[in-house]
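Only one structure is covered here, and it is reproduced in the block below.
Every number here is computed from the coordinates shown, using simple stated rules; none is lab data. For clarity, every value in this text was computed on a predicted model and none was experimentally measured. Virtual Cβ from ideal backbone geometry, glycine too; neighbours counted across all protein chains shown.
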């Protein structure tokens, strides 16, 4: 007899990708070709946009940066640069440029829309909605703005508002199958299945290649028991988008209903491979295994499903406690802690943010928020959060060390050094601060100083994984003891599975002439953090075979 | 084909008993036509028939979770006069209650379709807050006894055979210290006497009642089951001498679920009763009887532990029934709001398929809180339909910011015979459209007119005795089984009625649905058929018996042959 659970929404938004492609202002250049040393900001901007159009991303960045250097108040240049960063997933940099562009030239509609999209990507949905509302207010004729606002509302389960905005978008542009499909998914979320079916069917009629509409319609038909109608839709959805988990899961349920358990097993195995937390997939896979007489596999999946359910139940309990006391910062903090413990990072961030919003004097929440943002590579946000945390409690050595890490990672070595020192003044035995200093030395090429700092960190804490990795990197840099480097990096990885440690392993293998192993390791690093420029450079090095140790 | 009169021990018991004053029985003259649902109406005759009862949940404003569980009812022929009597369980005052004393458990004797309160005469004294009940001849002396579950010591009312009962729970060893809800008798070890399964719910103490709800707004709510640990159920093996032994652990049924519903049924057709337990916020449990005194829990593996998406639900009531007439017992579990009731189709290979959505019984149940449930043929067309008793547990939903209503309409799902059902309660008369806080449901042909009536219990309110008017327009056959050992029940017996190539399966069962029990007579709806071609009986003793060409529209008492197998 509990509060009702929220169903996990495994449906996708339409648009070819989870966040939709940011719209880019394209100003056509009359002439082809460009110089990487333009004389004026306007030339640099024009050439930069040409480079973007030509897919020359690195050149585009160089040129647009040049434009901004030459004229820091050239809003459209910042806007284009921010858009490019957004496309590349460099969100902190994108935010900096887009915000500044918006301040300089508020009339650049696309900049506002891109900034709203960026906020949505960073789960700052309230801000995203606010920006979209501004755009809609100023440009009610823009279908894209209404659609963007609708999507933002949909993300926060404000379905009534989302429906209203999608409808407005469709009034302006009736030939927008993606908006139709998304409208359908809003109706579906509200249990208005008949309307959802109408929307999906209309969207498919306009664009049969819309995987989301095909898949979601197939899912509804599967639930209704109309298996023969569901199958072709689901298969088409998967043909268009093999990564569409929801469609694959629905197809698996159809196959189970039709007693095609062997095929159901294959489909469900594919679902859990892509989404290890999919409770329904683990459950039905377990059942399918039992049906095909693979009881050990069935039991394994049964246990996996039960573990996931326990986690889900624990989070659910905390969510209900928070809902019962909506103005309690402490309840949100408790929710965040449980979510973080179980690896539900987005939920944890949301909860910590809520805790801080309810009480910005909640030092524990500020600290938790800062740490998790740092771990997620959201450096700009983590900087802000660490600073806020330190204002509340300036004598926390770990906060100074965390801030130092964030400064280091944003390239502010001097600021980082000062903060590491501040941390050590408060707690000379803080291993993380010693390790951070070691990394600063390593970056400067001062390997002996680095080694000493890392050793100090390890003396204080043998499990200091950053120090272990640092020691490994010193060996790689010196091209000595590569096996020892490998061992140290692997030890670091076992303690904390961070993508950077895969890179260290890759470098060690590569230096030792083991290219295949190096490639495998760097791919793991990239899988963990696709936006990391260093990983991409290392990959290029390994693939190009340049500068290897052998 | 031999007629039933040749060399078979069969007595024809007339369905019509004495026509006492006030008898509401109508002649059983079925009309032709199978699809008579438009003509079927359910009429509440509780008060008119003499049932003056109000359930008392003991509420005081402190929101003890006890208050929401409700109480059930049993149809059982305690006096052996061939018509089902009624036992209604009641709650009791809880700390903080300051009003007038509420009513207690009541026993009503059926006198030709009207009821007389004989509680005091029967010597029944309610000892504690009551929930569920089940009847069975546990001591094998030829009359039906009654087990009543309580928050506190449970009661085992031994039928003294003279219209009175004695509570012998303590001597029998079945007082059961935990918070008990549903219960059911069955001979799980096939040794000829009835054993007892008692479902237990939560570790809860009235003295330590936590505050739940919206603290900031001051709106108190009943606490969810997640706030409490579960309690293990109990399996009591009958020692054959009036006492029982708790064999929960050795039988392999020790589990700390949060049990509310239970039903016995031979789901795998291997000749022994299996057990299904509906749990509230923990996995439901299907115990397969191994035939050696132990059980194997197979709920998850067989597909009946959780929802189709692997989510644990809040199970309340449960029932077995072969709704698709394929010879395998299917299963239904009622669940909380924002969860579909779960209808599982038995695939006959040890596995079930969740057909909640495709059967069209699931979606309509989504907003409601379901409790008592049963498969029964309301229109005698030969296909089992489904009844669900609904009612929320929060009487302050708006304050709590939740959707729904406290009082809810019950459901009757008509079997369309193609794997789907239509919910038609709004076509069956005003009494079926009442929006109340229903809990248990018990089924019997109390007026002996050939169609099944429904007794619905309501939390903190009067019950509804829904007399079925018009269901007997379809032909029917009622079977009362009299086992050779002289027991008053044939619990565990299985009866199959064949008409042409069609077949229907029924089991004689104690305890089903939610906190309740149906009469022990089995009733087949036959539609247009005027006779059953072949009636196959599998007795609890293991004997098999076959009757052929059994005419419709009668209640037939069938006595188990003492030796051998009755032939064709």
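What is the Rg over Rh value, at two decimals, for the stretch A:378-499, using alpha-carbon atoms and the Kirkwood definition of Rh?
My calculation puts Rg/Rh at 0.99.
Give me the distance in nm between label points sitting 7 Å out from Cα along the Cα-to-Cβ direction at residue B:219 and residue A:314, one decimal.
3.0
Hey, got the average number of other protein chain Cβ atoms within 10 angstrom for residues in A:323-331?
If you average over the peptide's residues, the count of other-chain Cβ atoms is 3.
Between the stretch B:294-367 and the stretch B:524-548, what's the alpha-carbon centroid distance in Å?
27
Can you give me the convex hull volume of the Cα atoms of the stretch A:227-267, divided per residue and expressed in Å³?
Dividing the Cα hull volume of the stretch A:227-267 by its residue count gives 52 Å³.
Order of B:406, A:261, A:501 from fewest to most other C-beta atoms within 10 Å?
B:406, A:261, A:501
Nearest 0.05, what FRET efficiency do residue A:263 and residue B:405 give at R0 = 35 Å with Cβ-Cβ as r?
Efficiency, rounded to the nearest 0.05: 0.20.
Quick one: check the C-alpha center-to-center distance for the stretch A:460-505 versus the stretch A:325-365, whole angstrom.
33
Within a 10 angstrom radius of each residue's Cβ in A:414-425, how many Cβ atoms of other chains show up on average? Whole number is fine.
Counting other chains' Cβ atoms within 10 Å and averaging over A:414-425 gives 0.
Shape of the stretch A:213-321 from its Cα gyration tensor (a ≥ b ≥ c, root eigenvalues): rounded if a/c is under 1.5, otherwise prolate when a/b > b/c, or oblate?
oblate
If I model a spin label as a point 7 Å beyond the Cα along the Cα-Cβ vector, how far apart are those points for residue B:294 and residue A:198 in nm?
With each label placed 7 Å out from Cα toward Cβ, I get 6.0 nm.
Compute the separation of the alpha-carbon centres of the stretch A:237-285 and the stretch B:87-111 and state it in Å as a whole number.
Using only Cα atoms to place each centre, the spacing works out to 52 Å.
Which log10 I(q)/I(0) values does the stretch A:260-322 give at q = 0.16, 0.26 Å⁻¹ under the Debye formula, counting every alpha carbon as one identical point scatterer?
Cα-only, vacuum Debye calculation for the stretch A:260-322: -0.51, -1.00.
Do me a favour and compute the ellipsoid semi-axes for the stretch B:280-434 from its Cα gyration tensor, root of five times each eigenvalue, largest one first, whole Å.
Listed largest to smallest, the semi-axes of the stretch B:280-434 are 26, 21, 12 Å.
Which FRET efficiency value, to the nearest 0.05, do you get for residue A:226 and residue B:270 by plugging their Cβ-Cβ distance into 1/(1 + (r/R0)^6) with R0 = 41 Å?
Efficiency, from the Cβ-Cβ distance: 0.70.
Out of all DSSP beta bridges with both ends in the protein assembly as shown, state the antiparallel percent to the nearest 5.
95
If you count, for every residue in B:351-360, the Cβ atoms of partner chains within 10 Å of its Cβ, what is the mean?
3
Report relative contact order for the stretch B:116-255 in percent, whole number only (criteria: Cα-Cα under 8 Å, sequence separation at least 6).
Relative contact order for the stretch B:116-255 comes out at 18 percent.
Using a Förster radius of 56 Å, what is the FRET efficiency between residue A:156 and residue B:498 based on their Cβ-Cβ separation? Nearest 0.05, please.
Computed FRET efficiency for residue A:156 and residue B:498: 0.40.
In vacuum, with every alpha carbon of the stretch A:301-435 counted as one equal point scatterer, what does the Debye formula give for log10 I(q)/I(0) at q = 0.10, 0.16, 0.21 Å⁻¹? Two decimals, please.
-0.37, -0.80, -1.11
For labels at residue B:227 and residue B:416 in the simple 7 Å Cα→Cβ model, what's the distance in nm?
Result for the modelled spin labels: 4.2 nm.
What full-extension length gain, to one decimal in nm, is calculated for residue A:138 and residue A:393 as 0.36 nm per residue of separation minus the Cα-Cα distance?
Gain on stretching residue A:138 to residue A:393: 87.5 nm.
In the calculated pair distance distribution of the protein assembly as shown, what percentage of Cα-Cα distances lie above 62 Å?
Looking at the protein assembly as shown, the distances longer than 62 Å represent 23 percent of pairs.
Would you list B:371, B:383 from fewest to most Cβ contacts within 10 Å?
B:383, B:371
How would you classify chain B from its alpha-carbon gyration tensor, with a ≥ b ≥ c the square roots of the eigenvalues: rounded for a/c under 1.5, else prolate if a/b is greater than b/c, otherwise oblate?
rounded
Divide by every residue of the protein assembly as shown the summed helix terms, -39500 (n - 2.57) for each DSSP H run of at least 4, and state the resulting mean residue ellipticity at 222 nm, rounded to the nearest 500 deg cm²/dmol.
That calculation yields -12000 deg cm²/dmol at 222 nm.
Across all directions of projection, what mean area in square nanometres is found for the Cα convex hull of the stretch B:445-484?
4.2
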